[in-house]
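Asker: Handing you a structure now.
The values are calculated or read from the model by the stated rules, or taken from the named source; none is laboratory data. As the structure is a computational prediction, the values presented were derived from the model and not from experiment. Cβ: placed from backbone, ideal geometry, glycine included. Neighbour counts: every protein chain shown.
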């Protein structure tokens, strides 16, 4: 279209083109996927840390009970189970000799299954004889 002076008139565009809208949607979709991935990984990490924390508490409780009983464990595994946070945890402990006759090395393991195939916590400490 030409104006009366002979110059072509430019019309201002009102809004976005289809291509611009599609590029914007692709950018937001990619950002949304990244946010969802981070949220999923965070939930997965949270569940792992919760399980690890509870297992460490069970190991510490088992070791505390052993110290309060004032007994030195034997060289073979002694097993038991405890309930914590609505779950059953399977623990076991044993003692090993050290270079010093004054100390005994005590190992406590906590698992989520009776066969100890998935040990969640492993606590090692030394006890005075």
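Asker: Given the conditions (1) at pLDDT below 90; (2) closer than 16 Å to residue 89 by Cβ, report the number of the one that residue 16 does not fulfil.
Answerer: Tallying (1) at pLDDT below 90; (2) closer than 16 Å to residue 89 by Cβ, residue 16 fails exactly one: (2).
Asker: Ok, one more. Considering only the range 70-85, state which residues are within 17 Å of residue 110 (Cα to Cα), over 26 Å from the mean Cα position of the chain (by Cα) and in contact (Cβ under 8 Å) with a residue 24 or more places away in the chain.
Answerer: 73
Asker: Does residue 104 satisfy the condition of being out of contact with any helix residue (DSSP H, G or I) (no Cβ under 9 Å at 6 or more places or on another chain) and buried (at least 18 other Cβ atoms within 10 Å of the Cβ)? Give the steps one after another, and end with the answer.
Answerer: Details: out of contact with any helix residue (DSSP H, G or I) (no Cβ under 9 Å at 6 or more places or on another chain): yes; buried (at least 18 other Cβ atoms within 10 Å of the Cβ): yes.
Here the answer is yes, as residue 104 does meet what is asked.
Asker: Here is a further query. Of the conditions (1) more than 18 Å from the chain's Cα centre (by Cα); (2) closer than 17 Å to residue 56 by Cβ; (3) surrounded by 13 or more Cβ atoms within 10 Å (Cβ to Cβ), residue 112 fails just one. Which one is it?
Answerer: (1)
Asker: Given the conditions (1) over 19 Å from residue 48 (Cα atoms); (2) assigned to a strand (DSSP E or B), report the number of the one that residue 63 does not fulfil.
Answerer: (2)
Asker: Taking residue 86 as the residue in question, decide whether it is out of contact with any helix residue (DSSP H, G or I) (no Cβ under 6 Å at 6 or more places or on another chain), on the phi > 0 side of the Ramachandran plot, surrounded by fewer than 10 Cβ atoms within 10 Å (Cβ to Cβ) and at pLDDT 90 or above. Even if it seems obvious, please write down each step before you answer.
Answerer: Working: out of contact with any helix residue (DSSP H, G or I) (no Cβ under 6 Å at 6 or more places or on another chain): yes; on the phi > 0 side of the Ramachandran plot: yes; surrounded by fewer than 10 Cβ atoms within 10 Å (Cβ to Cβ): yes; at pLDDT 90 or above: yes.
Spelling it out, residue 86 is indeed out of contact with any helix residue (DSSP H, G or I) (no Cβ under 6 Å at 6 or more places or on another chain), on the phi > 0 side of the Ramachandran plot, surrounded by fewer than 10 Cβ atoms within 10 Å (Cβ to Cβ) and at pLDDT 90 or above.
Asker: Cβ contacts < 8 Å: first residue surrounded by 10 or more Cβ atoms within 10 Å (Cβ to Cβ), restricted to the range 1-27; second residue part of a helix (DSSP H, G or I) and modelled with pLDDT of 90 or more, any location; separation 6+ or different chain. Result?
Answerer: Between residues of the range 1-27 that are surrounded by 10 or more Cβ atoms within 10 Å (Cβ to Cβ) and residues that are part of a helix (DSSP H, G or I) and modelled with pLDDT of 90 or more, the close pairs are 16/24.
Asker: Kindly indicate whether residue 26 is part of a helix (DSSP H, G or I) and in contact with a strand residue (DSSP E or B) (Cβ under 7 Å, 6 or more places away or on another chain). Spell out how you get there, then give the answer.
Answerer: Values: part of a helix (DSSP H, G or I): yes; in contact with a strand residue (DSSP E or B) (Cβ under 7 Å, 6 or more places away or on another chain): no.
Judged against the criteria, residue 26 is not a match.
Asker: Okay, moving on. If I filter the range 40-69 down to residues being surrounded by fewer than 11 Cβ atoms within 10 Å (Cβ to Cβ) and either modelled with pLDDT of 95 or more or over 13 Å from the mean Cα position of the chain (by Cα) (or both), which single residue comes out as nearest to residue 123 (Cα to Cα)? I'd like the intermediate steps shown before the answer.
Answerer: First pass over the range 40-69, keeping only residues surrounded by fewer than 11 Cβ atoms within 10 Å (Cβ to Cβ): 40-47, 49, 64, 68-69.
Pick out the ones that are also either modelled with pLDDT of 95 or more or over 13 Å from the mean Cα position of the chain (by Cα) (or both) and you get 64, 68-69.
On the way: 64: 12, 68: 17, 69: 18 Å.
Only one residue tops the list, namely 64.
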